Each structure stands twice: as structure tokens, then as C-alpha cells.
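The values are calculated or read from the model by the stated rules, or taken from the named source; none is laboratory data. Fair warning: this is a prediction, and the values are worked out from it, not measured in the lab. Quick reminder, even Gly has a Cβ in these numbers, built from the backbone with ideal geometry, and neighbours come from all protein chains shown. Just so you know, the surface numbers come from the protein's heavy atoms only, side chains and all, with ligands and any DNA or RNA stripped out. Shrake-Rupley method; radii C 1.70, N 1.55, O 1.52, S 1.80 Å.
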Amino acid sequence: MATTPNELCYYSLGLLVVFFFWRFVVRARCCRTKGTQRLHSSCIIVTGCDYGFGREIALHLHRMGATVYAGVLSTKSGEKLLAACSKLDKEANKRLHPIVMDVTKQDDIDQAVKLVQASGLPLQACVNNAGISAFGWAEELPTSTYERNMNVNFLGTVRMTKAFLPLLRKSKGRLINMGSIGARMPSAFGSAYLSTKAAMSSYNDCVRQEVYRFGVSVCLIEPGFFATELLANGAKAGATKSVPSVYPKYADKMKATQKPIEMLEWLNGSLDRVTDCVVDGITNRWPLARYTIGYDARLIRHVLSYSPSWVVDMIQTAQD
């Protein structure tokens, strides 16, 4: 018997109700207990903990009871991280272990693997957060800037993933990759950074489809603009010596770019929103494949990604 339009409408409505109940009630509230308990008997490695998301992720996971191996670029950064942790826990160094690790150096990564193995704890998650940025006109940025960004943001993730997947397979752990919503909608003046996140996004999905068979979940974090030091560092890294240019002056374009970014950072608020999604990806029985965080990120994912290119181009070039 053929389904009537009214019946089809009811079936569709019923499926929507079931989906939203599972997504926002069951999955959000009832599926993190066991994963959270595992934190007390396992370890997690996080890269890029010198500042920003990585620093907050490492501190938050430590407060939840996990043993955290926090990758930093210098001993000084590690000391600052321990000092911040010690304010709340005098025995911080028993579970928080800063390790000097440059994700562009295989020897550093191999040493980190040995430290995690020596702990005797199962690896619950590897969080690939390390990243650098650089603003600038694509024609004028030196190729070395692209190579440096790709080496950290994309190849660093590849190196870490290859090194730690054997441990994650053994523990049926989680691989968490810090992407960017800009991978969905790159913008002028950001090609050196956003292209690396687009590459990471594609790599993330390929790995996710390969390792599901081992019980390993792979999650991509897609934040919008949040107040980290990435903006300032990217502005500094993109600045080049004054040379004749057919484009607007770097300083003027950077100033025009910075204003809306700072407004969005204020609007999106605390870094805790991103940290909470990372924790959910690590502890939830049914982690999401992608976590989109921030008002700007949701606008890009659900609206602008489906808009005609001329609309997006008009928005992106309005400051020129």
C-alpha cells in the first residue's frame, strides 16, 4: 500500500524527534560516565601546549584526573604549564608531564612514544593541537612560509598519527585533530594557514574511515575564532620586508582583518567551549565525527558553505 503524504510527514517528524532526543539528551548526558572514569587509569598526549587551546586542554584533562603528556616547545613553557597546574594541585608533576616536543622532528615524537609506553598506562587519546599561522597575500608570501606551516599543521599531525596509532589500536582510544572552520571556507589573506587545515581535514576523514575497524574513533574539532595567541603570531609571521606591491599594504590589510576577528573572538567567548568538545570526543561513548564550535563556525558550516561563490567572495573582499 502506497504511503500517503500525511504518513510520510509523520514518519519524518518521528525520525527528527528520535534524532534530537538521541543527539541532545542521550548522547550529551548519558554517555560520558565510563569514559570519564577511564581518565583516572589512562594517559593522554596533547601537542602544542605552550598556549591557547593546547594549554587549556592539558590543564582541564589533568583536573579531571588524567595523566597528561603535554608537548611544549621549550623547558620554560613546560615550567609555566606546571606552575599554572600547581596552583590547584601541589602534586601536579605526578600526573602532568610537560615534554619538549617539536612535531616537525621525528626524534622528538619517537621519544614521546617511549615515555608514554614507559608509563605503563593505556593511551586513551592523542590530541593533535600544535599549529602555527601566517597572514599575507598568496603571491607575496615566500614558499618557505607555506612549507613551514604545512610541516607543523599537516605533516606534524601525520607524524603523530603514525607514531601513536599502534598504541591507540591497542587501547581502542581516540584520535582528536584540531582543525579550523576555515578549511570549509578559506579566505583571502589566509592561504598559508587555511590550506594546511583543509589538508588536515581531508587526512582526518581518510584515517577515520580506515581505523574504525579497530575500535578507534577519530574526531575533527572545527572552531571558529577564539582568543588565543594564533592571531598575533600569524600577523607577525606574515610580515615581510617592505617591497613594491600591487596589493594593499600589509599593515593596512592586517589591521582591517584583525578587527572582525577580535569581535568574533569576543562573541565566541571562553576557550572552555572548545575544551569541552575535546573532552566529549575523548570520553563519550558515541563521539561526533566533527565538532563545530563558535557562532561564526556554525554560520559558515550551515549557511555560507552552501551559498554561491559570488556571495562568499563579496563578503571576503569587502575590506579590500
Could you pull out every residue, at least 5 positions away or on a different chain, whose amide H is within less than 5 Å of the one on Arg174? Hs are placed 1.01 Å off N in the peptide plane, and Pro or chain starts have none.
-> Ala125, Cys126
Rounded to the nearest 0.05, what FRET efficiency do Glu210 and Asn151 have when you use their Cβ-Cβ distance and R0 = 30 Å?
-> 0.85
For the chain, accessible area per residue (1.4 Å probe, heavy atoms of protein chains only), Å² = 53 Å²
Estimated FRET transfer efficiency (Ser245, Thr104; beta-carbon r; R0 30 Å; 0.05) | 0.50
Between their Cα atoms, which of Lys76/Lys197; Lys76/Lys162; Lys114/Lys170 are more than 19 Å away from each other?
-> Lys76/Lys197; Lys76/Lys162
Within straight cross-link reach of Lys249, meaning Cα distance under 13 Å, which aspartates and glutamates are found once same-chain residues fewer than 8 apart are removed?
-> Glu140, Asp320
So, with points 7 Å from each Cα along the Cβ direction, the Lys255-Ser309 label distance in nm works out to 3.3 nm
Quick one: what are the phi-derived ³J(HN,Hα) couplings along region 273-286, Karplus 6.51/-1.76/1.60 with θ = phi - 60°, whole Hz, x for glycine and proline?
-> 5, 6, 4, 4, 5, 4, 4, 4, x, 7, 10, 6, 4, 10
Asserting the computed 222 nm helical MRE of the chain (DSSP H runs at least 4 long, -39500 (n - 2.57) per run, divided by residue count, to nearest 500) equals -16000 deg cm²/dmol
For the chain, which whole-number percentage of the solvent-accessible area (1.4 Å probe, protein heavy atoms only) is attributable to carbon and sulfur atoms?
-> 59 percent
